[in-house]
Amino acid sequence: MERGERTVRWRVRGDGDGAAGALRGGPEHVRHSGPTRVRDSGAGDARAPGTSDARDSGTEDARDSGIKGARDTGTQAAPGGPSLRARGRVLAAVAALLAALLLLHRAIPNSPGRLGSLLETFLPWLGAVAAVLFALALLRRSVPALLASLAPVAAWTYLFGGLLLPGAEADGYGLLVVQHNVSDENPDPAGTARALARARPDLIALEELVPQASAVYERTLAAHYPFHAVRGTVGLWSRYPLRDVRTLDIKPRQITEPWNRGLRAVVRAPRGELAAYVAHLPSVRVGADGLASAARDESARLLGAAVAAEELSTVILLGDLNGTVEDRGLAPLTTRLAEPRRGFALSYPAAFPLVRIDHVMARSASVGRIRTLPATGSDHRPVAVRVKPLGT
């Protein structure tokens, strides 16, 4: 283009025709939707031919790109969104599974490895898992996860919430009884005996008595508990006379060495006689194969049969049963006897109690709130509860 030549450029504003705004055979065919702008491309126009077009095109591309980017950003989830949703679904699934375990734990098969009993041993601790899930759902701000996490909380409350409620011990007349596995390695049996006597119970049941320690308990408790009976490694101390004391045969077949962990005695209480049973069921172990509780379960069946055959209507069972009341292995006892409905009273291990395997159960009697007493030289903590025979 020669110097000084003037070029006429039109800026065409869209009128709805889109590409129809282009030149059609010459300037006379151009339709204008606004005033024509004339720019001099002479000496004052330092741009090379096509520069304006490139710049306009770049500007439009950038603008289009920005609009598209904004539109895409609006349609996509915020960074981390899909991950949060996925985590919410995982939390909801775990919560549903936890609720099912709580409510349907009896449906878990007990073989192999007695998995059902193992789950039931620690069943109350699933409440801690439910609380963690609920907290995570709050942190994730996931409504489905939050709603789902309420299910195990409700299931745990249904099963165990009553134990947390305040409740008085059996009102009116009742026998205060103490159950304690004193440990055959207790370094201070005399101190343990004094600690138990401070609770002023009417009956004291002890397990893991060895000959040397048994004599110490007899001497220390004699002043307030003149009546006592010892059979094998279990014993009963009473404020009231005892009669018809006999050994309970609850020895499982697989144990071949001398083994005596049960006794039965009639307590001549002021409001009537009752049968007192003291028992120490075989220990269980948790290993790679699951819960080894076959001997315990067999001993529980033998003890349950003895209780069922008891002629006296009122029965009190005190003992280290090496299982929780939720454990189906103790069903021969829990289906025949009432256990406390108030209080957790976790008794083992003494340093950091996780489970209550020390129990007081009764037939034809109400069982009050169970509680633990201060720790002694044993690896168990003693438990105390007031039992009121029906009709008294």
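Brief remarks on what is shown
- Accessible area per residue, Å², the stretch 290-392 with all protein chains present, probe 1.4 Å: 34
- Overall form of the stretch 182-335 per C-alpha gyration tensor (a/c, 1.5; a/b vs b/c): oblate
- Highest average first, the peptides 371-379, 253-261, 358-366 ordered by how many other beta carbon atoms sit within 10 Å of their residues are 358-366, 371-379, 253-261.
- Between Q212 and A375, the contour length at 0.36 nm per residue exceeds the alpha carbon distance by 56.5 nm.
- Most to least packed among 283-290, 221-228 [average Cβ atoms within 10 Å]: 221-228, 283-290
- In the stretch 187-237, the portion of solvent-accessible area held by carbon and sulfur atoms comes to 54 percent [1.4 Å probe, whole percent, DNA, RNA and ligands not counted].
- Note on the stretch 277-392: Cα-only Rg and Dmax are 14.3, 50 Å.
- Gyration tensor (alpha-carbon) shape descriptor, the stretch 175-220, a/c threshold 1.5: prolate
- Distances between placed amide hydrogens fall under 5 Å for A375 paired with no residue 5 or more residues away or on another chain.
- Remark: C-alpha extents of the stretch 211-300 on the principal axes read 49, 30, 21 Å, sorted largest to smallest.
- Whole-percent carbon and sulfur share, accessible surface of the stretch 82-182, 1.4 Å: 74
- Rg then Dmax, both in Å and based on the Cα atoms of the stretch 322-377: 11.8, 35.
- Take 233-242, 263-272 and order them by the average number of nearby Cβ atoms within 10 Å per residue, most first; the result is 233-242, 263-272.
- The stretch between A190 and L150, if pulled fully straight at 0.36 nm per residue, gains 9.5 nm over its current Cα-Cα span.
- GluC sites (Glu not before Pro) within the stretch 174-221, DSSP loop, no more than 12 other Cβ atoms inside 10 Å: E185
- The label point for A294 and the one for D244, both projected 7 Å from the Cα toward the Cβ, are 3.6 nm apart.
- A Förster distance of 22 Å, applied to the separation of the beta-carbon atoms of L390 and A305, puts the FRET efficiency at 0.45.
- Cα gyration tensor shape for the stretch 80-157, rounded if a/c is under 1.5, else prolate or oblate: prolate
The values are calculated or read from the model by the stated rules, or taken from the named source; none is laboratory data. Remember, predicted model here, so these are calculated numbers, not experimental data. Note: ideal-geometry Cβ built from the backbone for every residue, glycine included; neighbour counts use all protein chains shown. Ligands, DNA and RNA are stripped out before the accessible areas are found, and what is left, the full protein with its side chains, is counted by its heavy atoms. Shrake-Rupley method; radii C 1.70, N 1.55, O 1.52, S 1.80 Å.
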